[in-house]
Amino acid sequence: MKHTISILVENHAGVLSRISGLFSRRGFNIDSLAVGVTDDPKVSRVTIVADGDEHTVEQLEKQLNKLIDTIKVKALEPDELLSRELQLIKINASSQQRSEILTICEIMGARIIDISPNTMTLEISDTTMHLARFEELIKPYGIKEIVRTGVIAIQKGADTIKK
Amino acid sequence: MIKAAEAMVKCLENEGVKVVFGYPGAAICPFYDELTHSDIHHVLVRREDNAGHAASGYARISGKPAVCIATSGPGATNLLTAIATAYADSIPIVCITGQVSTDQIGCDVFQEVDITGAAEPFVKYSYLIKDAAQLPRIFKEAFYLAGSGRKGPVLIDVPVDIQQTMIDFDYPESVELRTYKPTVKGNTMQIKKVCEALKAAERPLICAGGGVIAADACRELRDFAEKTRIPVVSTMMGLGIFPTEHPLYMGMLGMHGVRTANEAVSKCDTMLLIGARVGDRAVCSPKFLAETTKIIHIDVDPAEIGKNIHVDIPLVGDCKNILGELSAHIDNAERKDWLEELSRVKNTVPHEDETQGYVNPKMFIRKLSAKLPENTVCVADVGQNQIWTCNNFNFKGGRFLTSGGMGTMGYSIPAAIGAKMASLESEVVAVCGDGSFQMQMMELATIVQEKLPVKIILMRNNRLGMVRELQTNQYGDNQTAVHIADGNPDFVALAKSYGINAERVCTMAEAEAAIEHLCESAEPYLLECNVWRNESTL
């Protein structure tokens, strides 16, 4: 089962390697990892999507909490989180295909951010599942390159990670 | 303004450090230069890992974080085994390494290695100092982290140019770590639950580990066990908490433990684990145990609870604090039947034979411990010598040190050096095999240079005995790479070449006379026991 874990950490040198090292040496598999600074420049927020059973996640939370740089760890329940992932896709696109691609993008909520005589670069930000559907739709044109940020997530409603 | 190197020394002085163990090199020379202006005594070891093990021995006896020092590159990598050893056994050491100049970091210059990166999986925390002004804060934090909560090794890597930088020195009085607040007091509800579970239990058992010693809670545990009349077994790291002959004490459990302890584990209905991490050598099948037994787990590290065994009642906090609370809230009990049942097993004395021309190591350890004073620090190495010592040494109130979690061969002599430095008034005895002795024999030089009357027992069976036994039992007796007789030196002559008194004994009668010499000697002493090559561990 997939778990989304949010971690607030001190923005110290080496903190990311401490976290990723912990995952590998305890045998936890990471699907994605995203990190960025928060409203407090001394604090970074890491979002990890990992695979494992309940026991694994409990262990993971405890081990993450044990790291000296960790401020807060929270495993977000699937039905109480909002998640997004940003993806940039470069596809083959001749001038005849452009309007067709544009329609798909409009329906799926993607934007066109660059264009060349034979390619288009698309940007989409949504849930991992939506991204997968979008990828299926544009695959026939020929994907040249994909880059994605990894999932970030936040709780629904007024709750925050600190509470 | 003072040099950061001088500030490093001042930090150590502020932490009350009296002795440090180390080995110099170019990248740590500014610090060594300043150390000569201090009263701190530097013990020069003969290889860096032994500085770490010596610090470990010192920390375990003094109860405070101890310091080891190495230079960059190979000096630092040599320290790694000692750091991992301390991490596995939760021993508070502060390791200071020199590093190449900050402008050269990442250029693969001479003796450069990413030691904070290499040590990351087995340090409690590490620092690479890049701003000299932060040095006092970092040292303060390092000592605090190493010696609080679940103790462990902390590494401080100091580039050589940082050591030469001038800084304002102001040692902080306290640390400010918003992310690190170990739980001391146990949750009141959980304490109540533990008391109720123990009250309801018919055959309760306490399993005490090294955490009890780390928390300085041996007296509290004894008081608690005596009040509730609950029998006690210990892990290897917990040996010495209870006197061997205490009526409630049932011995060491596990793969290499004694029958009484393992019977107690299999028969108990409720097990109180305290400061023990349910290591695989102590509890081989935790799943099975948890199915038949109610498990209570007390530990300062929440991540240990539920890691290796399913726990019914978790209780996080400092053992000393919690045991005090438990004793205050629990009623006295009798448990006559349960204790009688266990004592019957305990009182069956195992039969042992003497093999002609050899010293029986089990009998030897019993005789030795009978002659040693109560406050003896016994340091066992790793292998058969370790198990012989664990199961036959009569602990009366002294201390037992060994590398429990990592099983690091070559631990005993440097750790004994550290222990002796921490407690000059105690008798300190290291027990090792001919295999493990040769992983640390360069430290005889340190013993001599420091004039430390450390006593060494060398069990020579001309084998790497533990592995030999494993090959005999599980690999069809295909003995390979375990025969060391052909390379063994004359150990007595070797010791004498260092100026250390030494003797070789081949019978129990000779051994008994030699034990007298060993105990009477006010100088270092090495006693080589000729042990039969196929002597069994248990």
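The values are calculated or read from the model by the stated rules, or taken from the named source; none is laboratory data. Note that the structure is a prediction, hence the values are computed from the model and not measured. Quick reminder, even Gly has a Cβ in these numbers, built from the backbone with ideal geometry, and neighbours come from all protein chains shown. Remember, those area values only see protein heavy atoms, side chains included, never the ligands or the DNA or RNA. Shrake-Rupley method; radii C 1.70, N 1.55, O 1.52, S 1.80 Å.
Across peptide B:300-310, the average count of Cβ atoms from other chains found within 10 Å of a residue's Cβ is 3. Where a ≥ b ≥ c are the square roots of the eigenvalues of the C-alpha gyration tensor, would you call the range B:2-167 rounded, which needs a/c under 1.5, or, failing that, prolate if a/b is larger than b/c, or oblate? Rounded. Here is the link list: B:Lys287/B:Lys362; A:Lys162/B:Lys192; B:Lys124/B:Lys193; B:Lys193/B:Lys227; B:Lys227/B:Lys371; B:Lys371/B:Lys455. Which ones come out longer than 22 Å on Cα distance? In this structure, B:Lys287/B:Lys362; A:Lys162/B:Lys192; B:Lys124/B:Lys193; B:Lys227/B:Lys371 lie more than 22 Å apart at Cα. Across chain B, Cα pairs under 8 Å and at least six residues apart give a relative contact order of 14 percent. Exposure check, 1.4 Å probe, all protein chains in place: B:Arg178 carries approximately 120 Å² of accessible surface. Computed with the Debye formula from one identical point scatterer per Cα of chain B, without solvent, the log10 of I(q)/I(0) at q = 0.07, 0.08, 0.09, 0.12 Å⁻¹ comes to -0.41, -0.54, -0.68, -1.15.
Averaged over the residues of A:62-72, the number of partner chain Cβ atoms lying within 10 Å of the residue Cβ comes to 4.
Here the extension length gained between A:Lys2 and A:Asp51 equals 17.2 nm, from 0.36 nm per residue of separation less the Cα-Cα distance.
Per residue, what volume in Å³ does the Cα convex hull of chain A take up?
Given the Cα convex hull of chain A, per-residue volume reads 140 Å³.
A 1.4 Å probe over all protein chains sorts B:His256, B:His41, B:His329 by accessible area into B:His329, B:His41, B:His256, starting with the largest. With a 1.4 angstrom probe, the accessible area lost at the B-A interface totals about 1500 Å².
A cut-off under 14 angstrom between Cβ atoms defines the neighbours of B:Ser62, and their net charge, with Lys, Arg +1 and Asp, Glu -1, is +3. In this calculation the C-beta distance from A:Ile104 to B:Leu470 is compared with R0 = 60 Å, giving a FRET efficiency of 0.40. Shape class for the range A:2-76: prolate, because the ratio a/c of the largest to smallest gyration tensor axis (alpha-carbon atoms, square roots of eigenvalues) is 1.5 or more and a/b beats b/c. Straightening the chain between A:Asp159 and A:Lys144 buys 1.4 nm, computed as 0.36 nm per residue apart minus the Cα-Cα spacing.
For the pair B:Asp39 and B:Asp168, the difference between a 0.36 nm per residue extended length and the Cα-Cα distance amounts to 44.3 nm. In terms of its C-alpha gyration tensor, the range B:188-346 has a rounded overall shape, because the principal axis ratio a/c (a ≥ b ≥ c, square roots of the eigenvalues) stays below 1.5. A simple packing score, the average count of other Cβ atoms within 10 Å per residue, orders the peptides B:124-130, B:234-240 as B:234-240, B:124-130, with the highest score first. Report summary: the helix-based calculation at 222 nm, which adds -39500 (n - 2.57) for every DSSP H run with n ≥ 4 and divides by the residues of chain B, gives -11000 deg cm²/dmol. Across all Cα atoms of the protein assembly as shown, the radius of gyration (one decimal) and Dmax (whole number) stand at 29.3, 102 Å. Under 16 Å of direct C-alpha separation, and excluding same-chain neighbours fewer than eight residues apart, B:Lys336 reaches these aspartates and glutamates: B:Glu202, B:Glu226, B:Asp269. Taking all protein chains as they are arranged and a probe of 1.4 Å, the heavy atoms of B:Asp168 leave approximately 110 Å² accessible to solvent.
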